[in-house]
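See structure below.
The values are calculated or read from the model by the stated rules, or taken from the named source; none is laboratory data. Since we're looking at a predicted model, the values are computed, not measured. Here Cβ is always computed from backbone atoms with ideal geometry, including for glycine, and neighbour counts include all displayed protein chains. Ligands, DNA and RNA are excluded from the accessible area calculation, which covers all protein heavy atoms including side chains. Shrake-Rupley method; radii C 1.70, N 1.55, O 1.52, S 1.80 Å.
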Amino acid sequence: MIKTNRRPAASYSGWALELAISLDSACPGLLAESFRFGRQRRQALFLVLALAEILGLDAVAEHLRSANGMSEFTSSSSATVLAEAVLRLRRPRDLVRAVLTGPPAGLLGTLARLGDDPIGGPRTYYELARLHLSRDPADQRRVKVLGQIGGNLLGVQIEIVSALDPVLLHPAFVGCLTEPRQVQQLHSAMTYIRARCSGATDDAIRASLKRLKPGGHTADLVKFWAARFDRPPIEIDLRGDPALIVLDSPAKLANAGRRYKNCLGARINEVFLGAFAYVEVRSGRCGEPGTMAELRHTDRGFVLEGLYAADNRRVPADRAQIAREKLSACGVALLALAPGEREPVIAAARLLNEHALAEPDNYVGWGNEIVEIAEGLRETLDEVA
């Protein structure tokens, strides 16, 4: 029995197969032979076919005619030149050298990690060659990251790395992205982060990428920076009232959450995105509890969404009324019931068991007041103001 060292035949499909069939008509046997190419040689073939598809068969053939050892093809058809070059230049290095005037550093290693089938359309291969030929530092960084990604490369990874902001080029972070459309979404989010976080410099963002763990998500980066915003998206004019304190940073929200024993520390995202703002209405007397006001942002300013005492308990009516008046003086809109006298509406609401409607922004519950308001509270607050 005669032994053979020939590789088992393995077909491929799609645009690469269509182009190989067209070359086979000019050089019979090319298609069958290409089915036995090794991984790197096969990918080198796909690269050449892609360049011919994008740049034109004549352009690639003319370049091959000027390559070493190809001078006898001066009168041959472009398809024949390309097909003969693929068959004659058996080493992937020689084929790539002939087409690109020297194999760019790293390209052959990248081709060896692309598997046995086309990794995408011709444009993907064209971009891969462009990145390796480029002298732009950003493109050189992209090539480096491709080399740092473990395992076989996917066509989508080449597309992602090619489009990604150079600041975000990190192997672990690239591994978090699975679709090119995610890149634009991420870029938009980072634009917002840079506007809201004075510390989000390019160097700081690069350093934060190192915190990503294997299997992480792009949201981890956004959450990291959201927890460090120091430029609130919406300014609130409190008219210089010293009793009103805006919680306009993650540190202030976390501190107030501890003091009021509530979930303010978990509301950072809403404040960071400008959906809500929180204002602490401080008591004028030492040791007396304050009131937390939740403001919802609208296209016409802020509206008072809720008032809360410590432990999210209901704010006593007189203290709540003072908070409303102070916020209203700052242009904050207040929720209201039916027009007319207040007491008849509240009485009807209570008899209908609609206690939450009796005080639209103070609906946390009944009978949980933490302390009675000391007499003279309004006067004290007025004096502080």
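Values as computed for the structure displayed
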item: Residues being assigned to a helix (DSSP H, G or I) and open to solvent by less than 60 Å² (accessible area, probe 1.4 Å) - total across segment 225-254; result: 5
item: Residue ID - modelled with the highest pLDDT, chosen from residues in segment 349-369 that are open to solvent by 50 Å² or more (accessible area, probe 1.4 Å), assigned to a loop (DSSP other than H, G, I, E, B) and closer than 27 Å to Glu288 by Cβ; result: Tyr363
item: Some residue of segment 58-69 being in a helix (DSSP H, G or I), surrounded by 17 or more Cβ atoms within 10 Å (Cβ to Cβ), touching a Leu at 6+ places or on another chain (Cβ under 7 Å) and of a type outside the set (A, V, I, L, M, F, W, C); result: no
item: Only listed residue being under 29 Å from Arg36 (Cα atoms) and either open to solvent by 10 Å² or more (accessible area, probe 1.4 Å) or in contact with a helix residue (DSSP H, G or I) (Cβ under 7 Å, 6 or more places away or on another chain) (or both), chosen from Val167, Val156; result: Val156
item: Helices (runs of 4 or more DSSP H) lying entirely in segment 140-224 (those with 2 or more residues that are free of Cβ contacts under 8 Å to residues at least 12 places away in the same chain and not acidic (Asp, Glu)); result: 181-196, 202-209
item: Checking Phe46 against (1) surrounded by fewer than 20 Cβ atoms within 10 Å (Cβ to Cβ); (2) modelled with pLDDT of 95 or more, the condition it does not meet; result: (1)
item: Filtered residues of segment 323-335 (kept if crowded, with 22+ Cβ neighbours inside 10 Å and in contact with a Ser or Thr (Cβ under 8 Å, 6 or more places away or on another chain)); result: Ala323
item: Among the candidates Val281, Val271, Val222, residue that is of a type in the set (A, V, I, L, M), under 18 Å from Arg313 (Cα atoms) and open to solvent by less than 60 Å² (accessible area, probe 1.4 Å); result: Val281
item: Any hit, segment 126-138, residues being free of Cβ contacts under 8 Å to residues at least 40 places away in the same chain, surrounded by fewer than 18 Cβ atoms within 10 Å (Cβ to Cβ) and within 22 Å of the chain's Cα centre (by Cα); result: yes
item: Per-region count, segment 174-201, residues among the basic types (Lys, Arg) and either open to solvent by less than 60 Å² (accessible area, probe 1.4 Å) or modelled with pLDDT of 95 or more (or both); result: 2
item: Flag for Glu288 being among the acidic types (Asp, Glu), at negative phi and open to solvent by 30 Å² or more (accessible area, probe 1.4 Å); result: yes
